[in-house]
1. Quick one: P(r) of the range 21-130 from all Cα-Cα pairs, 10 Å bins, percents rounded to integers, in order of increasing distance.
2. If one computes the Cα centroid of the range 167-239 and of the range 46-99, what distance in Å separates the two points?
3. What FRET efficiency comes out for the pair residue 128/residue 268, r = Cβ-Cβ distance, R0 = 30 Å, nearest 0.05?
4. Mind checking the per residue accessible area of the range 55-163 for me, 1.4 Å probe, whole number of Å²?
5. Net charge within 14 Å of residue 61 by Cβ-Cβ distance, Lys/Arg positive one each and Asp/Glu negative one each, not counting residue 61 itself?
6. For the pair residue 46 and residue 85, what calculated FRET efficiency results from E = 1/(1 + (r/R0)^6), where r is the Cβ-Cβ distance and R0 = 25 Å, to the nearest 0.05?
7. Under 10 °C and 1.306 mPa s, how fast does the range 165-204 diffuse according to Stokes-Einstein, given a Kirkwood radius computed over C-alpha pairs? Answer in µm²/s, whole number.
8. Could you work out how much longer the chain between residue 248 and residue 118 gets when fully extended? Use 0.36 nm per residue separation minus the Cα distance between them, nm to one decimal.
Amino acid sequence: MTADLTTSTTALAGSSRYWQECTARFTSLFDQHVGYEAQKVELTDAELREVIDACNHAVAPLGKQVSDKRWISYMDVVRWSQSARHIKDMEAFKAVCVLNCVTFVWDDMDAALHDFDLFLPQLRAVCERYYSPEDAEFAYEGARAFVTSDHMFRDSRLKKVLCNTSPEQYFRFRVTDVGVDFWMRMSYPIYRHRELTEHAKTGLAARMTARGLAIVNDFYSYDREQALGQITNCFRLCRMEDEADFRSFFQARLDDMAEDMECIKAFDDTTRDVLLDLIQGNFAWTTRDRRYRAPVNDVNSRIQ
C-alpha cells in the first residue's frame, strides 16, 4: 500500500489505520491460495424464523433480550463459513446456526451473569432436537467445553500467560477459546462425510484452521477488544502504533495462514473444500458484517 494511504490514516487508532491495506492483503492471500470466493448459504424465511425462535428459546432462562438484527449478525458467520456446495443435512445446518448464535450471546455477556445451571441444558436440548444421538453428544461436548473454558479462563493467570508469551502459545489456546474445536464438532454432521467426520472428531481439522480464523478475527476485532479491555488478540504481541513492527508481524501471520492453507490442500477433496471455505468465509463475513463496523455498536456491545 502506498505511503499516501498510510499518511492519510495516521489519525486513526489501532487497527483502523491499516484496515484498507490489510483487507487488500487478506484478499490477495485468498486469491492466491484458494482462488474462488466463498458462497453464502441461503435460508428461506421459514428457516430463518425457526432458527431465531430457537435462539430466543435457548437464552430465555438467562433473562436476555436479543434483537433479530443481532441474531442475524451472529448467524451470518455460519451462512458464510459453511461450505455451501457440500451441504447434505439442513437440519444440522440449522443446529449450527442456533448453537453458534447462543454461544455468541454467552461470549457477549458479562462474566458475572453466567449461570451454567441455566445455560447448559439449553445447549443440550438444541443438540438433541437437530442431531442423531451420537452426533448430539459430540456437538454438546464441543459446546460445553467452549463455554466452560470461557468461564474458567476469562480472567485467569493461565490465559494472561498464553496470550502474552508468543504467537505459538497464543494459537494453542485459541483452538478452544475461539471456538474452532466446537465449530468442527457441531459442523461435521452437515456434510455426512467419513474423512471430514474423523478429522473433526480428532481435533486435526480445528488445529488446521485455528490460526487463519483467529488472525482474521483478531485484526478486525482489535479496536473493539482494546476498548473492552480484552486480551485475546494476537496483535497485542506487536506494537500496533509502530508501522514497521506491525507490518512485519502481520506478514508473519499471513505466512502462517498461507502455510496452513497449502497443507489443507493435501486433505481429501471434501475436507479440503470445507476447511478452506471456513477460513475464507469467515473473512467474507467479517468484512461485511455490522459487528465489525465500529468498536461498539448494537450488534457487538455487551449484553446487559
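The values are calculated or read from the model by the stated rules, or taken from the named source; none is laboratory data. Since we're looking at a predicted model, the values are computed, not measured. Cβ atoms come from the backbone with ideal geometry, glycine included; neighbour counts cover every protein chain shown. Side chains included, ligands, DNA and RNA excluded: accessible areas come from the protein's heavy atoms. Shrake-Rupley method; radii C 1.70, N 1.55, O 1.52, S 1.80 Å.
1. Going from the shortest bin to the longest, the percentages are 13, 40, 27, 17, 4.
2. If we compute the Cα centre of each part, the gap is 19 Å.
3. Given R0 = 30 Å and the Cβ-Cβ separation, E is 0.50.
4. Per-residue value: 42 Å².
5. Net local charge, residue 61 excluded: 0.
6. Once the sixth-power term is evaluated, E becomes 0.65.
7. It comes out at roughly 146 µm²/s.
8. On the way: separation 130, 0.36 × 130 = 46.80 nm, distance 4.54 nm.
Contour length minus the Cα-Cα distance gives 42.3 nm.
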